[in-house]
Every structure is written in C-alpha cells, then in structure tokens.
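Below is one structure, written out as structure tokens; the observations come after it.
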Amino acid sequence: MIVLGIETSCDETSIAIVKDGSEILSEITYSQIAIHQPFGGIVPEIAAREHAVFIDELIWQTLQKANLTWSQIDRLAVVNGPGLVSSLLVGVMAAKTLSWALNLELVAVNHLQAHICANYLNNQKTSAPFICLLASGGHTQILFIQSYQNMQLLGETLDDSAGEAFDKVARMLGLNYPGGPAIEKLAQTGNPKAFSLPKPKVGEFEFSFSGLKTAVLRLIQGLPENYSKADLAASFQETVCDELSNKLIKAAQKFNCSKIVIAGGVAANGRLRSLIKEKALDLELFAPNIKYCTDNGAMVAAAGFLCPQNFGLDFTVYSRAC
Ligand code: KG4
Ligand code: ZN
C-alpha cells in the first residue's frame with residue numbers, strides 16, 4: 001500500500017510517500033524555523049500562513065520526486081491533532097480537497113501515534129509489544145504499546161513537556177529556538193555534574209519539568225555574569241535525560257517487557273540515547289533515525305498504514321492530546 005502523508009501540526013510542512021508503512025519513496029520538508037527564530041518560539045498565525053503558501057507545491061513536488069502519478073497512490077493520511085489548530089486546518093483541508101477531487105481514500109492520523117510509528121520506517125519495522133517514551137515539544141508520555149493499534153498511556157507530564165523545558169532553558173541561556181539541539185551542542189563542552197538540580201516528586205510514570213525550569217532561572221539569577229553556560233546546559237540536560245530514562249526503564253521492568261522504544265523530537269538527543277543504553281543493559285533499545293524523531297510526513301504516512309484513526313471526510317482538527 002502506498003500512502004501519501006501530510007504533516008502540518010506545527011512549524012514543518014512535511015509531505016512523504018511511503019510504501020507499506022516503511023519504505024520511503026520520497027519526502028520533502030519545509031521547515032519554518034528561521035522564520036520563527038526571531039520570536040524565540042512559534043507564532044501560530046505565521047505558521048498557518050506559511051503552510052498555506054507552500055503546501056500545494058510541496059505535495060506536487062513529492063509526487064514528482066517519487067516518479068508516481070495520483071493513480072498509484074492508495075491512501076492519503078493527514079495529522080488532525082494534537083497540534084496548532086490553525087496549522088492543522090491547512091493540512092486537513094488540503095487532504096480533504098485532494099481526497100474529494102481525486103476520489104482517494106483519506107485517513108486521519110494522531111500526531112503522537114505517528115511519532116511512535118517513526119520506529120517502523122526505513123525497514124526498521126520495530127514490532128510490538130514494547131514500552132515507549134514519547135518526548136516531543138508538546139508531550140512527554142510513557143506508553144505500553146501492545147500493538148500499533150492498541151497503545152496504552154501509563155503516565156505523562158503534569159505540566160511542561162521535556163521539549164518545552166529544553167526550549168525555555170535554552171532561551172534563558174541566550175540560545176536560539178529550537179532549544180533542544182542548541183543545548184545538546186553546548187552541553188558537549190560542559191560538566192554535567194557542575195550544578196545540582198532538583199528532581200520532581202511525582203507519580204510512578206509521571207513527569208514534571210516546570211519546577212526544574214524555575215530552578216534553572218533562580219540559579220542563573222544568583223550566578224555571576226561569567227558563569228559557565230556549557231556547565232549549566234550539561235547539568236540541565238543530564239537531569240532531564242536521567243528522569244526520562246529512569247521512568248522508561250522502570251516501566252519496562254514493571255510490565256516485564258524487554259523492548260524499549262523512544263520517539264519524538266527529544267529522542268534525537270544523543271545523551272538520552274547513550275544514558276538509556278548505559279542503564280538498560282538487559283533491555284533492547286529501538287529509536288528512529290535522528291532525522292525522523294522530529295516532525296515529518298513519513299511518520300504520518302507510516303501511521304496512515306499502521307494505525308489510521310478516522311476514515312473519510314468526516315473528521316475535524318483538535319489541539320490537545322486525547
Ligand atoms: O516532536 P517534535 O519535532 O515536535 C512536537 O511534536 O512538538 O519535537 C520538538 C521538540 C522541541 O522542543 C525541540 O527542542 C526538541 O524536540 N528537540 C530536542 C532535540 N532535537 C529536538 N531536544 C533535545 N535534544 C535534541 N537533540
Ligand atoms: Zn511532533
């Protein structure tokens with residue numbers, strides 16, 4: 001089955017054509033990062049307008065790049081949430097229009113499930129069951145994936161997501177958006193033990209990063225101007241990665257599952273990957289190729305094959321996880 005996936009939930013207009021949920025035939029991503037950088041974060045109104053300007057051309061180019069015609073596409077898959085409503089609407093309206101005009105099967109896809117499906121791409125075909133840590137800019141969750149169609153939420157963040165914490169702390173350190181890659185780069189030259197930062201006291205598989213963020217702010221306010229930003233970046237990154245990896249491993253032990261999987265933008269973090277490997281010697285770790293951790297159309301096409309949520313033209317967009 002050949003699926004064309006459309007992702008417009010945030011600041012990437014990303015289109016991909018994927019065969020059987022795994023083999024990427026073509027993909028094109030237009031990232032708006034440079035446009036939002038001066039604002040220190042995403043401006044929803046600007047994001048939606050950028051999607052609207054480029055989406056038609058990107059869909060057309062992706063089809064051409066795969067050397068396919070519309071008659072060879074079996075299904076359209078589009079993310080309808082969670083995400084920025086105005087941005088989601090652009091992708092959903094483009095997909096509905098194509099489906100109606102070309103009489104093509106249309107499915108809606110959950111953005112979080114799509115992140116998990118990135119582990120199926122590029123012939124990786126990671127098979128369930130597994131325990132998954134999903135850490136993106138909007139969500140931080142621990143899930144028991146019994147199958148790609150049956151995902152059980154075990155716990156999630158009570159406030160900020162891990163990605164949000166990276167972005168906000170990066171801003172405090174004077175780094176550019178998105179903060180995750182910027183902190184990871186700076187942390188390479190820092191000492192992760194230089195500063196001791198607080199660990200939240202929350203439930204077994206819950207997270208909380210807003211206290212940590214405030215602790216970093218207070219710390220900076222009390223430090224001399226020439227403090228080592230690299231040391232603070234490394235200490236912050238270590239605290240977040242320690243928390244994420246501990247809960248992932250704990251869930252695997254509790255549910256007697258030897259396979260663990262990471263997904264979402266924060267899963268691109270090298271220290272998170274190495275820390276999990278260091279701690280989980282008896283568990284098998286699977287992760288998407290770095291490029292497919294952050295938002296992309298290929299994961300949407302994979303989810304459209306593995307776990308479509310809604311068939312037909314009768315669905316709408318939603319901003320929050322459900
Ligand atoms: O999954 P994603 O692309 O978008 C959402 O669905 O939110 O995740 C974006 C988030 C941002 O907060 C970004 O700072 C974070 O993922 N991120 C990282 C890294 N790359 C992206 N965080 C830590 N280390 C990274 N290398
Ligand atoms: Zn995402």
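Rounded to the nearest Å, what's the spacing between the alpha carbon centres of the stretch 279-298 and the stretch 25-64? Just the number, please. Centre-to-centre (Cα) distance: 24 Å. Spin-label model, Thr316 to Glu284: label points 7 Å out along the Cα-to-beta-carbon direction sit 4.4 nm apart. Taking 7 Å steps out from each Cα toward its Cβ at Leu158 and Ser31 produces label points 3.4 nm apart.
How do Tyr292, Tyr148, Tyr318 rank when sorted from fewest to most other Cβ atoms within 10 Å of their own Cβ? Mind dumping the intermediate values first?
Numbers: Tyr292 26, Tyr148 20, Tyr318 14.
Listed from fewest to most nearby Cβ atoms, that is Tyr318, Tyr148, Tyr292.
Give the Debye-formula value of log10 I(q)/I(0) at each listed q (0.10, 0.13, 0.15 Å⁻¹), with one equal scatterer per alpha carbon of the chain, two decimals each. The Debye formula, applied to the Cα set alone, gives -0.56, -0.92, -1.18.
Comparing Asn226, Asn269, Asn80 in a Gaussian network model of the chain where C-alpha atoms under 10 Å apart are linked, the largest mean-square fluctuation is found at Asn226. For the stretch 282-296, 3J(HN,Hα) computed residue by residue from phi via the Karplus equation (6.51, -1.76, 1.60; θ = phi - 60°) reads 8, 10, 9, 9, 10, 8, x, 3, 3, 4, 9, 6, 7, 4, 7 Hz, glycine and proline entered as x.
Quick one: dipole size for the stretch 130-287, taken about the Cα centre, charges +1 on Lys/Arg Cβ and -1 on Asp/Glu Cβ, in debye to the nearest 20. Could the numbers behind the result be given before it?
On the way: 17 positive and 16 negative charges, 35 e Å.
Using Cβ point charges on Lys, Arg, Asp and Glu, the stretch 130-287 gives about 160 debye.
To the nearest 0.05, how large is the calculated FRET efficiency for Lys65 and Asp20 if R₀ is 22 Å and r is the Cβ-Cβ distance? About 0.75, to the nearest 0.05.
Of the residues Asp231, Asp11, the one with the fewest other Cβ atoms within 10 Å heads the list, and the complete ranking is Asp231, Asp11.
Treating only the Cβ of Lys, Arg, Asp and Glu as charged (+1, +1, -1, -1), what charge dipole size does the chain show about its Cα centre? Round to the nearest 20 debye.
Details: 25 positive and 30 negative charges, 144 e Å.
Around 700 debye, computed over the chain.
Over the chain, DSSP H runs of length four or greater, each weighted -39,500 (n - 2.57), average out per residue to a 222 nm ellipticity of -13000 deg cm²/dmol. Ordered by the count of other Cβ atoms within 10 Å of each Cβ, fewest first, Cys307, Cys241 give Cys307, Cys241.
Compute the FRET efficiency between Thr97 and Glu45 as 1/(1 + (r/R0)^6), taking r as their Cβ-Cβ distance and R0 = 25 Å, and round to the nearest 0.05. FRET efficiency, Thr97 to Glu45: 0.70. Inter-label distance, Arg171 to Ser228: 2.7 nm, where each label sits 7 Å from its Cα along the C-beta direction.
How high is the relative contact order of the stretch 8-93, in percent, with contacts defined as C-alpha pairs under 8 Å that are six or more residues apart?
Values: 109 pairs, mean separation 34.6, N = 86.
Across the stretch 8-93, relative contact order equals 40 percent.
A Förster radius of 35 Å, combined with the Cβ-Cβ distance separating Asn256 from Gln188, puts the computed FRET efficiency at roughly 0.45.
Relative to the present Cα-Cα distance, how much length would full extension add between Val202 and Asn150 at 0.36 nm per residue of separation? Mind showing how you got there, number by number?
Working: separation 52, 0.36 × 52 = 18.72 nm, distance 2.59 nm.
My answer for the length gained is 16.1 nm.
My understanding is that a pair violates if its Cα-Cα distance is over 24 Å; which of Lys254/Lys291; Lys199/Lys259; Lys168/Lys193 do that in this structure?
Lys254/Lys291; Lys199/Lys259
Tell me, what is the percent relative contact order of the chain, built from C-alpha pairs under 8 Å that lie six or more residues apart?
On the way: 739 pairs, mean separation 85.2, N = 322.
This gives 26 percent for the chain.
Here's the list of aspartates and glutamates a cross-link from Lys185 could span, going by alpha-carbon distance under 16 Å and ignoring same-chain residues fewer than 8 apart: Asp167, Asp231, Glu238.
None of the figures in this text is laboratory data; all of them are computed from the coordinates on show. Because the structure is predicted, anything quoted here is derived from the model rather than measured. Note that each Cβ is placed from the backbone with ideal geometry, even for glycine, and that neighbours are counted across all protein chains shown.
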